[in-house]
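For reference, the structure is listed below as structure tokens.
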Amino acid sequence: MKKNVKVRVLCLVVASVLLSGAVATAAVLGSPYETLKRAVLDALTTRNVTEEASIATYVNGVQLEITKTHTISGDGASLSYNFDEDGNTTGYNYSSNGLTINPFFYVTNDAQGNEIQWFSADIYPVYDSYRPWSNGLAMFDPDERDSANMRFIELVADALIGDLKNNVTMTSENGMRHISGTLTESQVPEIAKAGIDVVVEQSGRFYYGETVDISFDGSEYVFEQINLERSTKTVLTWKQKVRAMTMEESLAWEDGTFHMVVDSDYWDTIYIGDKMYIVLGMRELIDDYTTAATRSDYTSNGNPLSLPMKSLVINYVHGEAEVDKDGNLLSIEATATATSTDIFGEVSVIDVKANARFCDFGTSKPVCPIPGAEQILTAENLKGLFDSTYMHVFFTLNDDGSINADSITTMHPRELAYITDNEG
């Protein structure tokens, strides 16, 4: 069962962001609210900026998760690095002109037993005209500044921030402005409380739980699917007829002609262990029952915030920011505390600490971390290889870090390794 911590504390983070937004709106000394609000919206459409940010979540004083990012946003491109708490890179995302590249972190072995690390990329030429996805502050294209979307955000900001701007104080020295603000439980706007209640009510409404293998004899696969809906657990037992791929089908899977060689009117694919099988016909339900869910059903991943919430109260939010003489937001920090009660009655104290720093305004320019990738992974080139301009591909790198053009494939590396092993 997978449930992102950030989803669990979304309402808490939103509250933090709201205060952060209120703090940032005080960027221009002596300006009225409308001018300050425009400054925030302008920041959301910054075209070139570099940002370092982190967010940490604690439950009852114990650190649950920490995420650190370094994002470079520029014209038509975005490069975001992720780091662990020790500062080691855990991955990155590069997007530009309909191309998105991720380290896939899947490892196979060559004939000599050497490890080969695979990367993946998505090619979406239909999205060429859109701003690439970004982890950073610049979430919107500058052309959207006067759009209906931004006007809606402005109206929402008016409703949510409301009188919070009166909680903000500011000092100035040599053109540098320091802004701070605090929000207590009694000052949370009613509309924000209503939004939190909606999130709480929806939490745990329905979970696709774990799939548990029961038996497999090479042709019939029996498994349990566990579904959770707040305090209720439903266990469904299914069986499916499957068979292993032939060599011809495996090769056809790689070159995109799989549908032409499979010998069944209805088919699907499924991984059992590390091997892909062809599913023949519809799966058959052979048993089901419903029982009360337990805490362990939700916390098998060790995350206490996986438990559906019964209530969530924002206790305290504090934010600080630094703005230079030109109105650029240089840094912002926010801390927030909330009290949650889960559906089993346990009360937890949740703390969130977030900060971000910005630099290189107007001059940031993302560079693809894999030399040659943008020239090779184009819709035109790949159409010649796979007869498609919209695809997900895998590839490896040369010793110098450039893309290995001969390694590009649409087949998952583990399937490619299976074919190679069988050919050998």
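For the residues LYS275, LYS241, what sequence is obtained by ranking on other C-beta atoms within 10 Å, fewest first? List each step's numbers first, then the result.
Values: LYS275 12, LYS241 16.
Ascending number of Cβ neighbours within 10 Å: LYS275, LYS241.
In whole Å, how far is the Cα centre of region 167-181 from that of region 351-371?
For region 167-181 versus region 351-371, the Cα centre distance is 24 Å.
Got a sec to turn the phi values of region 303-320 into Karplus ³J(HN,Hα) couplings, 6.51 cos²θ - 1.76 cosθ + 1.60 with θ = phi - 60°, whole Hz, x for Gly and Pro?
Those phi angles translate into 9, x, 7, 6, 5, x, 8, 9, 7, 8, 10, 7, 8, 6, 9, 9, x, 9 Hz.
Counting only the backbone N, which residues of region 308-332 are under 14 Å from the spot 7 Å out from the Cα of VAL198 toward its beta-carbon?
none
Suppose R0 equals 45 Å; then what is the FRET efficiency for LYS239 and ASN381 from their Cβ-Cβ distance, rounded to the nearest 0.05?
Working: r = 44 Å, r/R0 = 0.98.
With a Förster radius of 45 Å, E is 0.55.
Using θ = phi - 60° and the Karplus relation 6.51 cos²θ - 1.76 cosθ + 1.60, list the HN-Hα couplings for region 166-180 in order, rounded to whole Hz, with x at every Gly or Pro.
Values per residue, Gly and Pro as x: 6, 8, 8, 10, 8, 10, 9, 8, 6, x, 8, 10, 10, 10, 9 Hz.
To the nearest 20 debye, what charge dipole does region 262-365 have about its Cα centre, counting +1 at the Cβ of each Lys and Arg and -1 at the Cβ of each Asp and Glu? Please report the intermediate quantities before stating the final value.
On the way: 8 positive and 17 negative charges, 74 e Å.
Dipole magnitude for region 262-365 comes out near 360 debye.
Using Cα pairs under 8 angstrom and six or more residues apart, how large is the relative contact order of region 290-349, in percent?
Result for region 290-349 is 32 percent.
Extension gain ALA292-ILE191, at 0.36 nm per residue separation less the Cα-Cα distance, in nm? Before the final figure, lay out the partial values.
Working: separation 101, 0.36 × 101 = 36.36 nm, distance 3.40 nm.
So the chain would gain 33.0 nm between ALA292 and ILE191.
Just so you know, all these numbers are worked out from the coordinates, no wet-lab data involved. All figures in this text were calculated on a predicted structure; none of them were measured in a lab. Neighbour counts are summed over all protein chains in view; Cβ atoms, including those assigned to glycine, are modelled from backbone coordinates with ideal geometry.
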